[in-house]
């Protein structure tokens, strides 16, 4: 889920996230007999740019293709390339020689897919998506800091209104909302993994008001921090086995 839009995909589709986005992920179907498996491949920007420069495209792609997230079909060729990449785990001595070429092959199939324009616009210098990606990267690396839109726009090489427009088109939210989502997701992670309380988590991610934090947390996740974390831990932490009878 990105903002209020849901992206549902299965084994015959892949999810492309062309820019770093704060999302909520849920596995809908999984069981002991049919477990859920997935593979995540981080995009090598240098490799993607090399490939894009070599593959001819028809005409300039100046119009935004939509949000920075999209679902594409897993073709037979893409599936085979991905399988060969994962099989390198069984022969680690081959990874330095073969991994890059297989990643290149995977990126080629993604780039030439129906949603390939999302990848091209994200990695090519000077495109609106790439400029917004620069702003996104700064926010992700500095989300605990105060956000100044004029400085962010200058960094992206855009006017403030232009940045707002294209930022929302790609991320489905404004820069301030994007920062808020990053803060709240990180606070949730801290409370679940580090077992700190809501006030401490709020302070660590940049909130000055615990009341504001609780209100915005409940709005995003559907429950106040303490109740939400309790529900998460009850689903993920196995209960203690019963004591053996004497």
**OP:** Give the peptides 26-35, 143-152 in descending order of average Cβ contacts within 10 Å, highest first.
**Re:** 143-152, 26-35
Original post:
Hey, can you rank 213-221, 177-185 by average C-beta count inside 10 Å, highest first?
Top reply: 177-185, 213-221
Original post:
Convex hull over the alpha-carbon atoms of the range 174-236: what's its volume per residue in Å³?
Top reply: 75 Å³
Subject >> Cα shape, the chain, gyration tensor, a/c 1.5 rule >> reply: oblate
Original post:
Using helices alone, what [θ] at 222 nm do you get for the chain, with -39,500 (n - 2.57) per DSSP H run of 4 or more residues, divided over all residues and rounded to the nearest 500?
Top reply: -16500 deg cm²/dmol
Original post:
Using alpha carbon centroids, what distance separates the range 1-42 and the range 144-173, in Å?
Top reply: 27 Å
Original post:
How much length is gained if the chain between residue 39 and residue 9 is pulled fully straight, taking 0.36 nm per residue apart and subtracting their Cα-Cα distance, in nm to one decimal?
Top reply: 9.4 nm
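No lab work stands behind these numbers, since they all come straight from the coordinates. Keep in mind that this is a model prediction, so the values were computed, not measured. As a convention, Cβ positions derive from the backbone with ideal geometry for all residues, glycine included, and neighbour counts pool all protein chains shown.
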